[in-house]
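Inspection log for the structure reproduced underneath, given as structure tokens.
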Amino acid sequence: MKSLQLVKAEIKDVSIIRHIAMATWPVTYGSILSSGQLEYMLSTIYNANVIEKQITTGEQQYLLAYQNELPIAFAAFGEAKKNPLTYKLHKIYVLPTIQKSGAGKALLEEVEKLSKKAGAEQLILNVNRHNNAKDFYQRMDFSIIETVDINIGKNFYMNDYVMGKRL
């Protein structure tokens, strides 16, 4: 991959994070989720105020990936709510035109490194059961821990696998 640079995102980067999410989600989830659920989740999860609060409070740390000085991907992670020895990868998205270029792998490896440095012994994540990213995570040594159906409001559900990896 040409000149990939990973940087910690700041409040000034919220619009970049939102742009990547808005460009990625319809391609990733368009055939998996209804348009109503897609719109609901984007407006809830990627609301600028929500992201700003996550960054400000440290609830989630965001990393941005730049290729040739252009933002192409991001990841968000943080301590799992119930266990300080477990960190959670909350989000990782790569622009559809750049996928399979190594940016996702580089972001995931950096999240693993930073989580381990913070004292985590395990990294977990949720992935939609029909999302091709599940195969990527399995190639990166994650395994399925459980199957969950999470009510996210408005009668919408996330039908996910919880996957984990020892660090």
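Every number here is computed from the coordinates shown, using simple stated rules; none is lab data. All values derive from a computational prediction rather than experimental measurement. Cβ placement follows ideal geometry from the backbone for every residue including glycine, while neighbour counts extend to all protein chains displayed.
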Using the beta-carbon distance between S35 and E109 and R0 = 35 Å, what value does 1/(1 + (r/R0)^6) give for FRET efficiency, to the nearest 0.05?
0.55
In whole Å, what is the distance between the alpha-carbon centres of segment 68-88 and segment 22-57?
16
Counting other C-beta atoms within 10 Å, which of R139, R18 has the fewest, and how do the rest follow?
R139, R18
What distance in nm lies between label points placed 7 Å from Cα along the C-beta direction at L167 and M140?
1.3
Taking N as its residue count, the alpha carbon Rg of the chain over 2.2 N^0.38 Å
0.98
Take every Cα pair under 8 Å in segment 4-166 that's 6+ residues apart, average their separations, divide by the length, and report that relative contact order as a whole percent.
19
For segment 61-73, just list the computed ³J(HN,Hα) in residue order, Karplus coefficients 6.51, -1.76 and 1.60, θ = phi - 60°, integers in Hz, with x standing in for Gly and Pro.
9, 10, 10, 10, 10, 10, 10, 6, 6, 10, x, 10, 6
Using +1 at the C-beta of Lys and Arg and -1 at the C-beta of Asp and Glu, which of Q122, I152, A133 has the Cα lying farthest in the positive direction of the dipole of the chain?
Q122
Could you work out which residue, out of L64, L33, L95, moves most in a Gaussian network model of the chain, that is, has the largest mean-square fluctuation with Cα springs under 10 Å?
L33
Expected unfolding gain across K154-T57 under the 0.36 nm per residue rule, minus the alpha-carbon gap, is 32.2 nm
Checking the a/c ratio against 1.5 first, then a/b against b/c, what shape does the Cα gyration tensor give for segment 3-96?
oblate
How would K165, K81 line up from fewest to most surrounding beta-carbon atoms within 10 angstrom?
K81, K165
Please check the chain for the longest run free of GluC sites (Glu not before Pro) that are loop-located per DSSP (anything but H, G, I, E, B) and have at most 12 other Cβ atoms within 10 Å.
70-167
R139: net charge of surrounding residues, Cβ under 12 Å, Lys/Arg +1, Asp/Glu -1, itself excluded?
+2
Name all residues of segment 137-155 having a backbone nitrogen under 18 Å from the label point set 7 Å from the Cα of H130 along its Cα→Cβ direction, giving them as ranges.
147-153, 155
Amide H neighbours of K91 under 5 Å, at least 5 residues apart or on other chains, H built in the peptide plane: list them.
A76
Ranked F142, F136, F77, criterion: other C-beta atoms within 10 Å, fewest first
F136, F142, F77
Which far-off residues, 5 or more places away or on another chain, put their amide H under 5 Å from the one on A80, with H placed in the peptide plane?
T86, Y87, K88
